[in-house]
Amino acid sequence: MDKQLRQEWLVSLLGWSGVIIFLSLIDTLHDLWVPDSNKLNNYPLWALQEWGLWLLFTPLLFRLLSQSAAKHKLNNRRYLQICALIFLNTMLYQALFDLIVLNDSIAYSLLYFAPVHPVVIFINVYIWHRYVALPPVQLKQSDGIHCQTLAIEQPTGTIQLPCEDIIQINAASNYVEVCTAERSWLKRATLKDIETQLPQQMFIRTHRAHLVNIQHIASVRLKSSGSGFVELKSGRVVALSKAHKQAVRARLQNAA
């Protein structure tokens, strides 16, 4: 993550430095080109004053997005929460700066910057996706190193279930059934959500309704229809669909 943190600051610094230098250069060329009566006469650091706050808030936006992505919580609601937080803070900073330093009214700052900041945030989110965000494969590999337990919420508290103890996980409507050798646990989640939380190298989907711990697979049996089933070391049998057949066989060959 240290490398990603450096990437966040580097992209922000280079990007906004380029924007500020470009705007300053355009302003200078404009004043050299037009008559004195039409010159803007901005002081040299005007672009830094207008846009310099994003040198701080863009890395903060990137960090919040990266942390949410690493925790697999970057859904639409989370996007809105992060963008709203950044918007409110940038507007507060801008209004206070203009009031204290430039003696501009808060109403003027809101009128001028309120339409602009959402556009800047949208562009920054796009840049994060394009140049900063880790690919899903790397996120899953990171999970394989750090996420070795699965949280199971119970009335008496949350249990951290070791992933290696999980034999299989089955979809059950709005819940999943997490099976160990001793018992089964119900957890409110979708199978897709659970799959992103588990170590990628340890589990594989055999069916749209089943995730299986590779370490507990004893054999794979195929039917003439092309589908089949996975026999576990415990004697349990799990459905194997045509869509996941090749992936399961390839993973087992690599693990052998």
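Details
- Efficiency of FRET from Cβ geometry, Leu96 and Leu25, R₀ 25 Å, rounded to 0.05: 0.30
- Other-chain or far-sequence residues with amide H under 5 Å of Leu161's (modelled H): Leu150, Ala151, Ile152
- Helix-only [θ]222 nm of the chain, DSSP H runs n ≥ 4, -39500 (n - 2.57) each, per residue, nearest 500: -17000 deg cm²/dmol
- Phi-based couplings in Hz for region 172-185 (Karplus 6.51, -1.76, 1.60; Gly and Pro marked x): 9, 6, 8, 10, 10, 9, 9, 10, 10, 5, 8, 6, 10, 10
- Added length on full extension, which subtracts the Cα-Cα distance from 0.36 nm per residue, Ile152 to Trp46: 32.7 nm
- Projecting label points 7 angstrom from Cα along Cα→Cβ for Leu14 and Gln81 puts them 3.2 nm apart.
- Based on the Stokes-Einstein relation at 20 °C and a viscosity of 1.002 mPa s, and on the Kirkwood radius from alpha carbon pairs, region 1-76 is assigned a translational diffusion coefficient of 147 µm²/s.
- Computed extension length for Arg183-Tyr126: 16.0 nm, one decimal, from 0.36 nm per residue of separation with the Cα-Cα distance subtracted.
- Whole-Hz ³J(HN,Hα) from phi, Karplus 6.51 cos²θ - 1.76 cosθ + 1.60, for region 111-120, glycine and proline x: 5, 7, 9, 4, x, 7, 4, x, 5, 5
- Between Leu5 and Gln215, the contour length at 0.36 nm per residue exceeds the Cα-Cα span by 72.1 nm.
- Sorted by Cβ density within 10 Å, fewest first, the residues Ser17, Ser224: Ser224, Ser17
Every number in this text was worked out from the coordinates using simple rules, so none of it is lab data. Predicted model only: the values in this text are computed from it and were never measured. Don't worry about glycine lacking a Cβ; one is built from the backbone with ideal geometry, like all the others, and counts go over all protein chains shown.
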